[in-house]
Amino acid sequence: MMVHVVDHPLVRHKLGLLRRDDVSTKNFREVANEVARLLTYEATKDLETETMTVQGWAGPVEVEEIKGKKITVVPILRAGLGMLDGVLDMVPGVKVSVVGIFRNEETLEPVRYYVKLAGNIEERLALILDPMLATGGTLSHTIDLLKEAGCTNIRGLFLVAAPEGIARIEKDHPDVHIYTAAIDEKLNEAGYIIPGLGDAGDKIFG
Ligand code: PRP
């Protein structure tokens, strides 16, 4: 598995805003989407383009176009919705697949309650969205269900990731690439990322 830490001054600055305990719901929503745009920029860096000739103001001009690559973005409910608008700003034509999973706060095991995947998912690059990769249970389960549906090209976009979650995905799904704004220190005994963001779902939805 490849872990890509999107290390950029804008990302570091914005992540600092998200980490503040006094961040308002409005600011958290805005800034999470701003970071999501920057993660999308990195996670789509290797998309292939093809050249074509179009009519420009001064005559024919060669331009590039993304080569028929189909994408689906996969926000994990709830908190993944907090990144969706930012990602769609960058890739507006994509299909959205929705996966509903919450983590049982006692066992930390993922509980799936909703799945609606885009058509022809086996032809698509899937970009999973979730602000947090903690134990990795939620992500591993989501990747399992995407693979069961025939998806072979899967990437995950996160605001923060814990080393424990990265290790879990490395073991379960070594073919999946992770894009994160930061790798934090550890999980606490309750399974929260330290220093992390707190409960991103609560910060987005109130
Ligand atoms: C959080 C987060 C991830 C999951 C990460 O969701 O958004 O989906 O926990 O934990 P894991 O890596 O240990 O599985 P939560 O269960 O709080 O649900 P919510 O988004 O509905 O608030």
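The values are calculated or read from the model by the stated rules, or taken from the named source; none is laboratory data. As the structure is a computational prediction, the values presented were derived from the model and not from experiment. Backbone-built Cβ (ideal geometry, glycine too); neighbour counts: all protein chains shown. Please note that ligands, DNA and RNA were not included when accessible areas were found on the heavy atoms of the full protein model with its side chains. Shrake-Rupley method; radii C 1.70, N 1.55, O 1.52, S 1.80 Å.
Just one of (1) among the aliphatic types (A, V, I, L, M); (2) at pLDDT 95 or above; (3) open to solvent by 10 Å² or more (accessible area, probe 1.4 Å); (4) over 12 Å from the mean Cα position of the chain (by Cα) fails for Met132. It is (4). Suppose the filter is away from the ligand (no atom under 15 Å from the Cβ) and open to solvent by less than 70 Å² (accessible area, probe 1.4 Å); does Ile121 pass it? So Ile121 fits the description; yes. Here Leu108 meets the list (1) buried (at least 19 other Cβ atoms within 10 Å of the Cβ); (2) within 12 Å of the ligand (Cβ to nearest atom); (3) assigned to a loop (DSSP other than H, G, I, E, B) almost entirely, failing just condition (1).
Checked against the criterion of being within 10 Å of the ligand (Cβ to nearest atom), over 16 Å from Met83 (Cβ atoms) and either in contact with a Pro (Cβ under 8 Å, 6 or more places away or on another chain) or among the charged types (D, E, K, R) (or both), the range 146-161 contains not a single residue that satisfies it. From the list Pro92, Pro75, Pro60, the lone residue that is in a strand (DSSP E or B) and farther than 22 Å from Ser140 by Cα is Pro60.
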